[in-house]
Amino acid sequence: MDFGFSEEQEMLRASARKFFENECTSTVVRQRMEEPAGVTDDFWTKLAEQGWLGLVYPEEYGGVGLGFVDLTVLMEEMGRVVMPGPFLATLLGGLAILEAGSAEQKKQWLPRLADGKAKAALAWTEPSARWDAAGVATTAKPTADGWLLSGTKLFVLDAHIADVTAVVARTAENKAGQPGLSLFLVPKGTPGFEPKLLPTMDQTRKLCEVVLRDVRLPGSALLGAKDGASAPLSRVLERATVALCAEMCGGAQKVLEMTTEYAKIRVAFNRPIGSYQGVKHRAADMLVDVENAKSLTYYAAWAVDENVPDSALAVSMAKAYASDAFRRVSAAGIQLHGGIGFTWEHDLHLYFKRAKSSEFTFGDATHHREKVAQLISL
Amino acid sequence: MDFSLTPEQDAFREQVRAWLKENIPRDWSRRVMASAEVPRPEAYQFLRDWQRTLYDAGFVGLTWPKEYGGRGLTFMEELILHEEMALAKAPQILNILGVGMAGPTIIAYGTEEQKKRYPAKILSCEEIWCQGYSEPNAGSDLASLQTRAVKDGEYWVINGQKVWTSLAHVSDRMMLLARTDPDAPRHKGITYFLLDMRLPGVTVKPLKQITGDPEFNEVFFDNVRVHESEILGGLNNGWQVGLTTLMYERLALGFGLQVRLRIALDGLIELARRMEKEGRVLTKDPVMRQKIAQLWIDTECLKYLGARAITKLLKGEIPGPEASIGKMIWVETHQKLQELAMEIEGPYSQLVRGSDWAVESGVWQYTFLRSRANSIEGGTTEVQKNIIGERILGLPKG
């Protein structure tokens, strides 16, 4: 039994913290969130040089070959600084290629994703806003020499800057035990593929509508088996959810630290506000939220790395808890800061908004609690 | 990060499991009623015998050094033992305060004579211990305790009162905190005594609780003469020694707590499968499913927190204020669970033991009422939050 991080993982944490403190300051975050891309080539190249863009891809595809416990460490550090940019989107697209793709497709894309030459996205959800097979109405119909895709995707992370987008489309009716979904790789600039950036509450996270207007693709665009996307997609979703939970833990931890530091120095009625139990006890509640979210996330990361039978349950528990916890913690952070916490100038709103966008990415707490209920055979 | 057990630990688990299967007395709960009945001598004799049986099999005091009757094993084996005992629904040991708190504190602070005299009898349950800390005017603010000890030759004369003293009515010894220097700053004038409960002047009076049962007591001291050799850890050093005991308390009571919580949750789910509300089985009610799932998640949180604490212990680190987090999570989850049991029973939740209409003979009504004490005993939730705020987050004292 060892519920802790290794020396190498602690080193990764230390170097990531230093890197982001230098390269991803509040000023930088605020510049990026005002711009459509949300990332600069320079920053993206630096992430690649650190090996972080290919951290979890096998070495044969240009990755570092590490696991999700390692990625958890990195994502916590990204969450601490509310890092903008298409890291999560590219991870989603990359994992879809890794889980579903042929050796050729993996060789074509993963090394380029790992070295920062290309970015990826995954277009799954639609106006139905469901992360499951029933929510997919977009169709892919066979043509003489390939496929014809039509439909509208919504809540797609960073598709507007992706070099390649993995699109989930229906190739058969949704029946019990046969959801009928397939994955397709759509390169940037394909005629009829129209991503549109949407204004979002969390400006550090870029969401798109993607209209597929009779998009014609060659037969080689099919990613994995026809009608066989559900199994790889559930693995992608499990892993990406762990990564997101880790990022949420990092953000919540940072809010707790900001709030605690402020409560030590802010004086009211001649005493630091942190000496009042009304403040102290709420801070203690924040800590419990953060620690529980971490425990569940760390276990889920280990569970997906080790492929243990209860990994899906572990992931749903983590996301259910982290969704509530980050929201509660960031709201408490604003409350305990008082008026300054409500300003644009203070960074708290960045975390508060990130908590809200993360809450509804990959399913909210209610969604995952129901999954937990199913998985424990309730 | 690794949640798997070593082959030796797996083997230990198998050994414990097999032994428990053979040795747990049938129908024990009817003979004991988990302290829910008026104390009966035969029930306590049964529990004494049970601990002795466990001890003879080598399953009490696993982490204690061999020279004091323990086995010198790690906290991992201790955790496995508690998990298996909970899963097998085995009776808990009676001398839990002695084994979990008094013994380790004596081993840490005792003189050679004290270490020879006490620990072995604690493990074998020959001497049962209780904890004399709280007083009518000193609960959360323990350092304001007023029980006095005045020196008279080789003896100290004790006068005062303790309260909420679990097991005092069957105890042989008490971990007693008394004020020995009324002029010193309040944390500096307290001494830790190993008190013989049979000394003249000690009176134990049972207290009837919210459940209707007398589980704990008031203890009165009227000119009780204690020999100075019964001081533990030095004169006026009682605060330090007492805190060590409390640290072990959270550890000792923490083991197995999560598994017991999980067993209670399994029971609650079974209850929800049987009960209906407006014609629908409760496990099919979406709101109920949400609440049960959240309880499941919270229960797992406690498991992982325990795993993190064990990791620290195995690396030789001392359990710190993090134990307060575990206490808080356990309390909140357990109370929520008990509230939900009442919600599931609906109007039937009003009926208690003695009615044929009572659900499951009214056992949930007892555990529901008993759970109100959880956020008070062993340090109130408010005190735990102060500890977290001040000692983990570094916030200033009020």
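The values are calculated or read from the model by the stated rules, or taken from the named source; none is laboratory data. The shown structure was predicted, so the numbers you read here are calculated from the model rather than taken from an experiment. Cβ placement follows ideal geometry from the backbone for every residue including glycine, while neighbour counts extend to all protein chains displayed.
Six or more apart or on different chains, Cβ atoms under 8 Å: show the pairs whose first residue is in the stretch A:260-279 and more than 10 Å from every other protein chain (Cβ to nearest Cβ) and farther than 18 Å from A:VAL329 by Cα and whose second is β-branched (Val, Ile, Thr) and surrounded by 15 or more Cβ atoms within 10 Å (Cβ to Cβ).
From the stretch A:260-279, the pairs are A:ARG266/A:ILE273; A:VAL267/A:ILE273.
Every residue in the stretch A:260-318 that is closer than 30 Å to A:ARG235 by Cβ and β-branched (Val, Ile, Thr), please.
A:VAL290, A:THR297, A:VAL304, A:VAL308, A:VAL315
Which residues, taken from the stretch A:286-309, are within 10 Å of another protein chain (Cβ to nearest Cβ) and farther than 17 Å from A:MET248 by Cβ?
A:TRP302, A:ALA303, A:ASP305, A:GLU306, A:VAL308
Looking at A:ALA293 and the list (1) in contact (Cβ under 8 Å) with a residue 60 or more places away in the chain; (2) in contact with a Cys (Cβ under 6 Å, 6 or more places away or on another chain); (3) of a type in the set (A, V, I, L, M, F, W, C), which single condition is not satisfied?
Going through the list (1) in contact (Cβ under 8 Å) with a residue 60 or more places away in the chain; (2) in contact with a Cys (Cβ under 6 Å, 6 or more places away or on another chain); (3) of a type in the set (A, V, I, L, M, F, W, C), A:ALA293 breaks only (1).
Which residues, taken from the stretch B:48-62, are in contact with a helix residue (DSSP H, G or I) (Cβ under 8 Å, 6 or more places away or on another chain) and either surrounded by fewer than 17 Cβ atoms within 10 Å (Cβ to Cβ) or aromatic (Phe, Trp, Tyr) (or both)?
Passing the criteria: B:TRP50, B:THR53, B:TYR55, B:ALA57, B:PHE59.
I'm told A:TRP344 meets every condition in (1) away from chain B (no Cβ under 12 Å); (2) surrounded by 18 or more Cβ atoms within 10 Å (Cβ to Cβ) except one. Can you identify the failing condition by its number?
Of (1) away from chain B (no Cβ under 12 Å); (2) surrounded by 18 or more Cβ atoms within 10 Å (Cβ to Cβ), only one is false for A:TRP344: (2).
Checking B:GLU270 against (1) away from every other protein chain (no Cβ under 14 Å); (2) under 22 Å from B:MET85 (Cβ atoms), only one condition comes out false. Which one?
The number of the failed condition is (1).
May I ask you to say which residue of A:GLU345, A:GLU370, A:GLU306 is without any contact (Cβ under 8 Å) to a residue 24 or more places away in the chain and under 22 Å from A:ARG130 (Cα atoms)?
A:GLU370
Restricting to the stretch A:125-166, count the residues that are farther than 22 Å from A:GLN105 by Cα, modelled with pLDDT of 95 or more and aromatic (Phe, Trp, Tyr).
Of the residues in the stretch A:125-166, 1 are farther than 22 Å from A:GLN105 by Cα, modelled with pLDDT of 95 or more and aromatic (Phe, Trp, Tyr).
So in the stretch A:180-204, with the set limited to residues that are in contact (Cβ under 8 Å) with a residue 40 or more places away in the chain and polar (S, T, N, Q), which one is surrounded by the fewest Cβ atoms within 10 Å (Cβ to Cβ)?
Ranking the qualifying residues of the stretch A:180-204, first place goes to A:THR200.
What are the residues in the stretch A:229-258 that are more than 23 Å from A:HIS346 (Cα to Cα) and without any contact (Cβ under 8 Å) to a residue 60 or more places away in the chain, if any?
Hit for the stretch A:229-258 is A:ALA231, nothing else.
State whether one or more residues within the stretch A:85-107 are away from every other protein chain (no Cβ under 14 Å), closer than 21 Å to A:LYS353 by Cβ and of a type outside the set (A, V, I, L, M, F, W, C).
yes
For residues that are touching a Phe, Trp or Tyr at 6+ places or on another chain (Cβ under 7 Å) and touching a residue at least 12 places away in the same chain (Cβ under 8 Å), scanning just the stretch B:302-326, find the one that is nearest to B:ALA272 (Cα to Cα). Reasoning before the result, please.
In the first step, residues of the stretch B:302-326 are kept if they are touching a Phe, Trp or Tyr at 6+ places or on another chain (Cβ under 7 Å); the result is B:302, B:304, B:307-308, B:310-311, B:313-314.
The next check asks that each one be touching a residue at least 12 places away in the same chain (Cβ under 8 Å); those that pass are B:302, B:307-308, B:310, B:313-314.
On the way: B:LEU302: 23, B:ALA307: 30, B:ARG308: 32, B:ILE310: 34, B:LEU313: 38, B:LEU314: 39 Å.
Among residues in the stretch B:302-326 that are touching a Phe, Trp or Tyr at 6+ places or on another chain (Cβ under 7 Å) and touching a residue at least 12 places away in the same chain (Cβ under 8 Å), the one nearest to B:ALA272 (Cα to Cα) is B:LEU302.
Looking at (1) within 17 Å of the chain's Cα centre (by Cα); (2) in contact (Cβ under 8 Å) with a residue 40 or more places away in the chain; (3) within 14 Å of chain A (Cβ to nearest Cβ), which is the only condition B:ILE329 fails?
Going through (1) within 17 Å of the chain's Cα centre (by Cα); (2) in contact (Cβ under 8 Å) with a residue 40 or more places away in the chain; (3) within 14 Å of chain A (Cβ to nearest Cβ) one by one, B:ILE329 breaks only (2).
A:ALA169 fails exactly one of the following numbered conditions: (1) surrounded by fewer than 20 Cβ atoms within 10 Å (Cβ to Cβ); (2) within 30 Å of A:PRO111 (Cα to Cα). What is the number of that condition?
Failing condition for A:ALA169: (1).
What about A:GLU247, is it more than 14 Å from A:GLY79 (Cα to Cα) and either outside the structural domain of A:VAL167 (by TED's automatic domain parsing) or crowded, with 24+ Cβ neighbours inside 10 Å (or both)?
In short, no.
Quick check on B:LEU145: is it touching a helix residue (DSSP H, G or I) at 6+ places or on another chain (Cβ under 9 Å), hydrophobic (A, V, I, L, M, F, W, C) and crowded, with 20+ Cβ neighbours inside 10 Å?
Details: touching a helix residue (DSSP H, G or I) at 6+ places or on another chain (Cβ under 9 Å): no; hydrophobic (A, V, I, L, M, F, W, C): yes; crowded, with 20+ Cβ neighbours inside 10 Å: yes.
No.
Of the conditions (1) aromatic (Phe, Trp, Tyr); (2) away from chain B (no Cβ under 14 Å); (3) within 21 Å of A:THR297 (Cβ to Cβ), A:PHE5 clears all except one; give me its number.
In the conditions (1) aromatic (Phe, Trp, Tyr); (2) away from chain B (no Cβ under 14 Å); (3) within 21 Å of A:THR297 (Cβ to Cβ), A:PHE5 misses (2) alone.
Anything in the stretch B:182-203 that is crowded, with 17+ Cβ neighbours inside 10 Å and under 22 Å from B:SER144 (Cβ atoms)? List them, or say none.
B:GLY189, B:ILE190, B:THR191, B:TYR192, B:PHE193, B:LEU195
Return the total of residues in the stretch A:347-378 being more than 22 Å from A:VAL236 (Cβ to Cβ), away from chain B (no Cβ under 14 Å) and either assigned to a helix (DSSP H, G or I) or within 18 Å of the chain's Cα centre (by Cα) (or both).
The number of residues fulfilling the criteria is 8.
What strands (runs of 3 or more DSSP E), lying completely within the stretch B:87-190, carry at least 2 residues that are touching a Leu at 6+ places or on another chain (Cβ under 7 Å)?
B:129-132, B:173-179
Among the residues of the stretch B:382-398, count how many are in contact (Cβ under 8 Å) with a residue 12 or more places away in the chain and either charged (D, E, K, R) or closer than 24 Å to B:SER349 by Cβ (or both).
3
Any idea how many residues of the stretch B:14-27 are modelled with pLDDT of 95 or more and either within 12 Å of another protein chain (Cβ to nearest Cβ) or not in a helix (DSSP H, G or I) (or both)?
0
Can you tell me which residue within the stretch B:277-293, out of those that are within 7 Å of chain A (Cβ to nearest Cβ) and touching a residue at least 12 places away in the same chain (Cβ under 8 Å), is farthest from the chain's Cα centre (by Cα)?
B:THR283
Condition first: in a loop (DSSP other than H, G, I, E, B), within 23 Å of A:ARG205 (Cα to Cα) and in contact (Cβ under 8 Å) with a residue 12 or more places away in the chain. Now tell me which residues in the stretch A:38-67 satisfy that.
A:GLY38, A:VAL39, A:GLN50, A:GLY51, A:TRP52, A:LEU53, A:GLY54, A:LEU55, A:VAL56
crowded, with 23+ Cβ neighbours inside 10 Å and touching a strand residue (DSSP E or B) at 6+ places or on another chain (Cβ under 8 Å) - does that describe any residue in the stretch B:204-214?
no
Give me the pairs: first residue in the stretch B:343-357 and under 19 Å from B:ARG370 (Cβ atoms), second residue among the aromatic types (Phe, Trp, Tyr) and at pLDDT 95 or above, beta-carbon distance under 6 Å, and six or more apart or on different chains, which are they?
What qualifies is B:LEU351/B:TRP357.
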